[in-house]
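The values are calculated or read from the model by the stated rules, or taken from the named source; none is laboratory data. All of these numbers come straight from a predicted model, not from anything done at the bench. Here the Cβ positions follow ideal geometry from the backbone for every residue, glycine too, while neighbour counts run over all protein chains shown.
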Amino acid sequence: MTETYAHVDDDVRAIVEDYNLPESLRHRIYETIEDRGGVDLEQADEIAHAVSSRYEDSRVEAHDPVGTVSAQSIGEPGTQMTMNTFHYAGVAEIDVTQGLPRLIELVDARKTPDTPMMTVHLEDEYAENRERAHEVVWQMEATKILALGDISTNVADMIVQVDLNEETLAERWPTVDDIDTVAQEIAETIEDALGVDTRRSETLIEFGPDQPSYRRLLQLVEELRDIVFKGLEDISRVVIRKEENEKTDGEEFVLYTEGSAFGDVLSIEGVDATRTTSNNIHEVYRNLGVEAARETIINETMETLREQGLDDVNIRHLMLVADIMTNRGEIESIGRHGISGSKDSVLARAAFEVTVNHLLDAAVHGEEDDLDGVIENVIVGKPVSIGTGDVDLRMGSIEADGGAADVELEPSDD
Amino acid sequence: MSMQTPKEIGAIQFGLMDPETYRDMSATKIITADTYDDDGYPIDMGLMDPRLGVIDPGLECRTCGSHSGSCNGHFGHIELAAPVIHVGFTKLIRRLLRATCRDCGRLSLTPEEQEEFRDGLQRNEELGEDWTNVLKAAVRQARKASRCPHCGAPQHDIKHEKPTTYYEVQDVLAGDYSERIASAMQPDPDNEDDSGVSPSDLAEDSGLDLSRVNDILSGEFRPVGEDRKKLEKALDVDLTEEDMNKLMPSDIRDWFEDIPDEDIETLGIDPSRSRPEWMILTVLPVPPVTARPSITLDNGQRSEDDLTHKLVDIIRINQRFMENREAGAPQLIIEDLWELLQYHVTTFVDNEISGTPPARHRSGRPLKTLSQRLKGKEGRFRGSLSGKRVNFSARTVISPDPTLSLNEVGVPERVAREMTQTMNVSERNLDRAQQYVRNGPEGHPGANYVKRPDGRRLKVTEKNCEELAEKIDVGWEVNRHLIDGDIVIFNRQPSLHRMSIMAHEVVVMPYKTFRLNTVVCPPYNADFDGDEMNMHALQTEESRAEARVLMRVQEQLLSPRFGENIIGAIQDHISGTYLLTNGNPEFTETQALDLLRATSIDTLPEPAGEDEGEPYWTGKQLFSELLPDDLNLEFTSSAGDEVVIEDGQLVSGTIDEDAVGAFGGEVVDTLAKVHSKTRARVFVNEVASLAMRAIMHFGFSIGIDDESIPGEANEQVDEAIASAYDRVQELIEIYEAGELESLPGRTVDETLEMKIMQQLGKARDSAGEIAEDHFADDNPAVVMARSGARGSMLNLTQMAGCVGQQAVRGERINRGYEGRTLSHYQPNDLSAEAHGFVENSYRGGLTPREFFFHAMGGREGLVDTAVRTSKSGYLQRRLINALSELEAQYDGTVRDTSGTVVQFEFGEDGTSPVKVSSSEDNPIDVENVADRILDAEFSSEEEKAEFLGRKELPTNISEYAGPGLDKARSLEVESDD
């Protein structure tokens, strides 16, 4: 992101680069200088100096127990959240788990969320044209037989009849001109899925069990209802909404789905893969990698808090939680099966949950607890090596080495 | 008493113990199940043997010679008559049995496979991952081998019957083998070409002699080994059945003894610390009596600990076992006793094994044995080791005291007399120390104990205090009572964030409650409806220094959660400042002085004007007196009011919650961040005092009449509700006619519900608007809602207009009878009143039916809260446990205590949430900096250097010392910068 500024020359850049500042802050300085139509070098240095001083002043102090503070900052608002599972988020038509249950779901890193959901952004004309947007919808939404036509069961002849609705077919298969081809396709899908022979005349498809059996007949109807003829099985419903596009200041169509199939959706034509997201962190992890998963955890947690009016929680805390969940290159849950269960210290694990098993396993494995962490040291009654407990002063003996010059000052942390 | 160098625990090793070690460390062998003899003395080699340690005061330990209290106790041991399995290891024993050879004990893996698993184990260790996964994989692999790759012995499957029985499953010749052969030789009835198998055919196919085949068919010869296999192959039948051979613990122990060390290592077991045969107990360690003290009841009867009861059982069975075996009892009896012994040892270790009835006390209560002592919230780990009980702590009810500073806490005198601080007597404090001792333990600033230079501690009593005071000299220590200005830690549970534990300065007060300033209620989440809080007196100089510098309330003004102040004006303070600054009322000199009386301001500014010759001062002016002169601030309050502060003068706007309130009041926030914490503390204290004076000046009360609206307004409300009813009725009619268009993705029923809810919501809102129009601006409820002091306009609507729809699970009330909520309604009545719409206001009163619906909604809220607290508590515990080790380092990274980097910069830019505003995208206001440098002239080089350089934060350690020596002076000092 090296933008060029008319009033920022290389000398000014060199001066600003000299200060140890985060990239975003440097850009802010350039922008400010730009706005003011350029400054002389001395002023640039003074600005950078002052900003740098303020930045240094606002940094976290060494030995700050940021972990505990972040944990508290997320846990404490948890007490103010509602338990009400179903509420309507953003889109009134789609139910999403919210509040405390959703927060718990996120830190648990559940394999599938209670209510999987995707926000699908579209590209180019797909985003602008409702018809084109609908094309994407038909490719995503799982189409069951009931949406395509009527089923009737003829018990006398032991036959299931499917009467397809031509209009629906034309609508759902907009790229295929011939209704007959579509009907044939549907018939074949039924044959493959149910293992029966079908007879087709125009849009009427008939089939029945091999041997006359009422049970089999009813079973076939039941199975028929579950067959997905088009779209992705996991996506049960798609809602189109017109929203403002932040980037272009225009309006665009955005799709919200009930159910999630992130990998499949990304490859559908017309889907803007750069902006499409899922609320299933594992799907994001599988398809886009661990950094994207981290980002999703932060966004989803923030969204959950925002929905409850607790969005004043500083995002840095959420980042830390997301970072520790993804620290080993995969998503780990917070709790017994994840981070707390894989700690090095036996005592820390034993003090958390399943005390006895951890002790027995440690014995068999011949483990040794080096007492590095917080909980272990509380247990054995030693000062904890965090915060003020992490600072050691080594007293230099003035008499022994003749002066205080050689006094060693060694911070204890390494 | 000799001085010992304090030792520090460096590391803790875990491992299994060798039976030989048990015997070595044992103080005595235990052979009798009896505890005390008739005289009440412990029996030798009994469970209460005095060599195991002492619990009765006065007795001497026969092993170490010390008295109860200083003797930790010593283990004894029981020689078990036969080996028994340790329940904790049953799964591992099963795995080992399956993975190793029954004959040679080697692991059934080829050397290459072993190598592979050992590498996998090492990789796991390096990555710090769970080693059990490798173990499981290795066992799965080893189990596949039907023959030992080392000695070639055939391997059998192991069956595990929970909890502690193991069988070896062998295939043996079935009892009905001849019938099975015969039926296989019969011709197939479905196949007419099949004529069956004749004995001669069979002999040919299997390659056996014909005579042998005939012998087998007649049952005279048992086909075992090769013969059986040949027959099975020829006839395609299975002639075997499973035979279960029980493995006794002694067999398993022998088996495990053969496993070589290298093979165990492959399974992730450390052979130097834990040999697998040690998982089978031959010697049982007997915990010292100090771990299982017996208690003497009031009637002189002794009641033994659960562990003792269990040990008695074990010894009894153990003895019976030995007697029976010596007497040559039949195998069946021996096995029964063996099983019984196994049961008792099992329950001694863990009494909650599924499938095993728990051992019970005579009363029927399950015994609390070893595992139960460690487990769970009240267990050893979480209850005793992670959470310790401490001395020098106090707990009592809290009550408010607005005259205290927010840094202070009022401590009852009787608490102050119990909590002590250690004074090291020197020349400089000798007089004071003597005075404390002279005052004795009962007088207030007194002393409870003194310590002589030789280390002897003496209790100060009323009788000896005068005498002791004379003896006090340099080098003594005096434990004096808490006095004003001491630092203590104050806490209210649940301690959800770090502001739940803060340090306060003591102000000793009469009566029995802790007193605190009301502005510290938000961080503690405290109120005064009976809340209790805890106080801890600090015992070391380091901890007191840390508490003063880091934990004092004023240092915690800003919450790290949202980076703004969490301490500020609340409730009446806000109403007070609102009344003071809204509409800018005028005050005479007397009134103005009275308002500022409780603050440190002792001179009035220039009057704002004159009214009939009398000078007057405005509310804004008086409020401005509390602000530092260099404060410039502009913001819009959520009420839409533009607040402008210029050079410490409130120019326009009303001071409400957004300006001075807790949870992000702009003025307090800016003072704490830009000026100093001390200045912010002084400001909050003074605002509270001024506001209380102001609200008392104006008078502020609320009564039922304040919520009443005129009759015509009531009519309008009724009209609004009636028209909403009509619209709902219309919707229902459309629905019943089947003409209701459903919303996308909703059923028609859901659509109807949503639309009705929407209409009724609107009805309530319009009722609220009507009510609002009829309230005067000086209505106390309106003042409170507008200023943000308490309550909202919605509350007011419900009191005066209409309570509105009651909801359960986010829907109208739909439960109760079939098709209706109450029997007062027709079934399937969809109308508003049948589903919990409350059209009355709280003031007007609810009808019985409305009341019932309202209670339903209310109940849901209560249940919700109850469920939520437990869930969020657990969430919090897990989060803290996972993140507790993370710490910012000198290089700006965030690492855990083992040095693993979690973040390279905390929060991506390394800035602290309390030092930057969370509402701004950038941590530093570059615009402002540039403006100052480019436009503003600095009056001197120093000023410029100061502006460019870093800001050294002053350390203020006391309410009464340092830069804020006294309240009045601190104000001046601070406001000058």
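No other residue among B:L822, B:L830 is among the aliphatic types (A, V, I, L, M) and over 18 Å from B:D726 (Cα atoms) apart from B:L822.
B:V134 satisfies every condition listed in (1) within 14 Å of chain A (Cβ to nearest Cβ); (2) not in a helix (DSSP H, G or I) except (2). Within the stretch B:501-560, if we keep just the residues that are hydroxyl-bearing (S, T, Y) and in a loop (DSSP other than H, G, I, E, B), the residue that is farthest from A:D312 (Cα to Cα) turns out to be B:Y511.
Exactly one residue among A:V290, A:V265 is without any contact (Cβ under 8 Å) to a residue 60 or more places away in the chain and aliphatic (A, V, I, L, M), and that residue is A:V290. Residues in the stretch A:347-369 that are closer than 16 Å to B:R877 by Cβ and either over 35 Å from the mean Cα position of the chain (by Cα) or more than 7 Å from chain B (Cβ to nearest Cβ) (or both): A:A348, A:R349, A:E353, A:V354.
Screening B:A694, B:A713 for residues that are more than 14 Å from chain A (Cβ to nearest Cβ) and under 50 Å from the mean Cα position of the chain (by Cα) leaves exactly one candidate, B:A694.
Any chance the stretch B:94-102 includes a residue that's small (G, A, S), touching an Asp or Glu at 6+ places or on another chain (Cβ under 8 Å), touching a residue at least 40 places away in the same chain (Cβ under 8 Å) and surrounded by 18 or more Cβ atoms within 10 Å (Cβ to Cβ)? Checked the stretch B:94-102: no residue is small (G, A, S), touching an Asp or Glu at 6+ places or on another chain (Cβ under 8 Å), touching a residue at least 40 places away in the same chain (Cβ under 8 Å) and surrounded by 18 or more Cβ atoms within 10 Å (Cβ to Cβ). Pairing residues of the stretch B:521-540 that are in the same structural domain as B:H497 (by TED's automatic domain parsing) with residues that are aliphatic (A, V, I, L, M) and surrounded by fewer than 16 Cβ atoms within 10 Å (Cβ to Cβ), at Cβ distances under 6 Å and at least 6 apart in sequence or on separate chains, gives B:E532/B:V397. In the stretch B:720-758, the qualifying residues are those that are under 50 Å from the mean Cα position of the chain (by Cα) and of a type in the set (K, R), and the one that is farthest from B:Q806 (Cα to Cα) is B:R746. Considering only the stretch A:306-327, I want to know if a residue exists there that is away from every other protein chain (no Cβ under 14 Å) and either buried (at least 21 other Cβ atoms within 10 Å of the Cβ) or at pLDDT 85 or above (or both). There is no residue in the stretch A:306-327 that is away from every other protein chain (no Cβ under 14 Å) and either buried (at least 21 other Cβ atoms within 10 Å of the Cβ) or at pLDDT 85 or above (or both). Screening B:P402 against (1) within 14 Å of chain A (Cβ to nearest Cβ); (2) within 30 Å of B:D529 (Cα to Cα) leaves a single unmet condition, (1). I'd like to know if the stretch A:205-212 contains one or more residues that are assigned to a helix (DSSP H, G or I) and touching a Leu at 6+ places or on another chain (Cβ under 9 Å). Within the stretch A:205-212, not a single residue is assigned to a helix (DSSP H, G or I) and touching a Leu at 6+ places or on another chain (Cβ under 9 Å). The set of residues in the stretch B:858-894 that are in a strand (DSSP E or B) and either of a type in the set (D, E) or surrounded by fewer than 20 Cβ atoms within 10 Å (Cβ to Cβ) (or both) contains only B:E887. How about the stretch B:612-631: which of its residues are in a strand (DSSP E or B) and either of a type in the set (G, A, S) or crowded, with 21+ Cβ neighbours inside 10 Å (or both)? Answer for the stretch B:612-631, where residues must be in a strand (DSSP E or B) and either of a type in the set (G, A, S) or crowded, with 21+ Cβ neighbours inside 10 Å (or both): just B:W617.
If you go through the stretch B:16-34 one residue at a time, do you hit one that is crowded, with 18+ Cβ neighbours inside 10 Å and under 19 Å from B:T266 (Cβ atoms)? Yes; the residues of the stretch B:16-34 include at least one that is crowded, with 18+ Cβ neighbours inside 10 Å and under 19 Å from B:T266 (Cβ atoms). For residues that are buried (at least 23 other Cβ atoms within 10 Å of the Cβ) and assigned to a helix (DSSP H, G or I), tally how many sit in the stretch A:328-351. Within the stretch A:328-351, residues that are buried (at least 23 other Cβ atoms within 10 Å of the Cβ) and assigned to a helix (DSSP H, G or I) number 6. Please verify whether B:G653 is touching a residue at least 60 places away in the same chain (Cβ under 8 Å) and surrounded by 24 or more Cβ atoms within 10 Å (Cβ to Cβ), treating the condition exactly as stated. No, not satisfied. Selection within the stretch A:18-48: residues that are at the interface with chain B (Cβ under 10 Å from one of its Cβ atoms), part of a helix (DSSP H, G or I) and touching a residue at least 24 places away in the same chain (Cβ under 8 Å). The member of this set that is surrounded by the fewest Cβ atoms within 10 Å (Cβ to Cβ) is A:E31.
A single entry from B:G576, B:G530, B:G485 fulfils the requirement of being at pLDDT 90 or above, at positive phi and more than 14 Å from chain A (Cβ to nearest Cβ): B:G530. Determine the pairs where a residue that is assigned by TED's automatic domain parsing to the domain that holds B:G583, located within the stretch B:691-719, has a partner that is assigned to a loop (DSSP other than H, G, I, E, B) and loosely packed, with under 14 Cβ neighbours inside 10 Å with Cβ atoms under 9 Å apart, the partner being 6 or more residues away or on another chain. Once the first residue is assigned by TED's automatic domain parsing to the domain that holds B:G583 and sits in the stretch B:691-719, its partners that are assigned to a loop (DSSP other than H, G, I, E, B) and loosely packed, with under 14 Cβ neighbours inside 10 Å give B:R693/B:R597.
With respect to the conditions (1) within 19 Å of B:I732 (Cα to Cα); (2) out of contact with any helix residue (DSSP H, G or I) (no Cβ under 6 Å at 6 or more places or on another chain), B:R812 lacks only one, and its number is (2). Among the residues of the stretch B:260-287, those identified as among the β-branched types (V, I, T) and in contact with a Phe, Trp or Tyr (Cβ under 8 Å, 6 or more places away or on another chain) are B:T266, B:I280, B:V283, B:V286.
Apart from one condition, B:P149 fits all of (1) touching a strand residue (DSSP E or B) at 6+ places or on another chain (Cβ under 6 Å); (2) in a loop (DSSP other than H, G, I, E, B); the exception is (1). Enumerate the helices (runs of 4 or more DSSP H) found wholly within the stretch B:735-824, keeping only those where 3 or more residues are under 28 Å from A:R237 (Cα atoms) and within 14 Å of another protein chain (Cβ to nearest Cβ). Filter on the stretch B:735-824 gives B:748-773.
When the stretch A:224-249 is filtered for residues that are loosely packed, with under 12 Cβ neighbours inside 10 Å and touching a residue at least 60 places away in the same chain (Cβ under 8 Å), the ones remaining, listed by number, are A:R225, A:D226. B:L107: hydrophobic (A, V, I, L, M, F, W, C) and free of Cβ contacts under 8 Å to residues at least 12 places away in the same chain, yes or no? Against the criterion (hydrophobic (A, V, I, L, M, F, W, C) and free of Cβ contacts under 8 Å to residues at least 12 places away in the same chain), B:L107 does not qualify.
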